[in-house]
Amino acid sequence: MILQLIKEEDIAEVLEIYTPYIQNTAITFECEIPSLESFSERVRHYTEQYPWIVAKDHGKIVGYAYASLYRGREAYQWCCELSVYLRPEVRGRDLGRTLYSALMDLLTLQGYYTVYGVITLPNEASIALHNQLGFSVDGIQENCGFKLGSWHNTAIMSKALQNYVPPRFEPKSIHELSSDVINAIRTR
């Protein structure tokens, strides 16, 4: 298994992994499958600042995890939201933990302090993953999304990446980290 930052040529395969989650689950509240063009633009936009990591097994992408903006106001800039998506055949093999751990290592080096997971309920596997990684439940948002004919609740979970001291700098872009640091995620 190789972990690496997403490349342009990976985007179609990542969208392929994401599509069944849109079509068949409330794990994502996205309801329409984005075009490859709009999804590519989304990835390009997010990766200006945040890491997107893909896991490749024999050249095939089997999962991915990424960070994105948590909230838009300036004071939130030291926080971000995490997401992970896996192919069905690799679920239950600890890949979600591996991807999240690598992602959080990079985010810590970038200068982020808090990461959030927003989990549609029920989702025992995702809650277990977040608990295993040291997240705690901050609250439940009731009936906050309507998809697939039902209202859904979400759990907000958070984890501190570092001690809460006054920041010495704004979070760095993923592109400001050295290639040695980024390549170190490949060894997981």
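Here are the numbers:
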| quantity | calculated |
| --- | --- |
| Residue, farthest from Y100 (Cα to Cα), within region 141-172, restricted to residues that are of a type in the set (K, R) and in a loop (DSSP other than H, G, I, E, B) | R168 |
| Filtered residues of region 1-43 (kept if open to solvent by 80 Å² or more (accessible area, probe 1.4 Å) and under 20 Å from L103 (Cβ atoms)) | M1, K7, E8 |
| All positions within region 140-183 that are touching a Leu at 6+ places or on another chain (Cβ under 9 Å) and within 24 Å of H130 (Cβ to Cβ) | I140, H152, N153, T154, A155, K159, L161, P171, I174 |
| Test set (1) in contact (Cβ under 8 Å) with a residue 60 or more places away in the chain; (2) under 15 Å from E81 (Cβ atoms); (3) over 19 Å from the mean Cα position of the chain (by Cα) - H152 fails condition number | (2) |
| Cβ-Cβ under 7 Å pairs, at least 6 apart or on other chains, region 62-73 side under 20 Å from K172 (Cβ atoms), far side open to solvent by 10 Å² or more (accessible area, probe 1.4 Å) and assigned to a loop (DSSP other than H, G, I, E, B) | Y66/Y50; A67/Y50; S68/Y50 |
| Residue in region 141-188 that is farthest from Y112 (Cα to Cα), counting only those that are among the aromatic types (F, W, Y) and in contact with a Gly (Cβ under 8 Å, 6 or more places away or on another chain) | W151 |
| N183 open to solvent by 50 Å² or more (accessible area, probe 1.4 Å), modelled with pLDDT under 95 and out of contact with any helix residue (DSSP H, G or I) (no Cβ under 7 Å at 6 or more places or on another chain) | yes |
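The values are calculated or read from the model by the stated rules, or taken from the named source; none is laboratory data. All figures in this text were calculated on a predicted structure; none of them were measured in a lab. Cβ atoms come from the backbone with ideal geometry, glycine included; neighbour counts cover every protein chain shown. These accessible areas exclude ligands, DNA and RNA; they are computed on the full protein's heavy atoms, side chains included. Shrake-Rupley method; radii C 1.70, N 1.55, O 1.52, S 1.80 Å.
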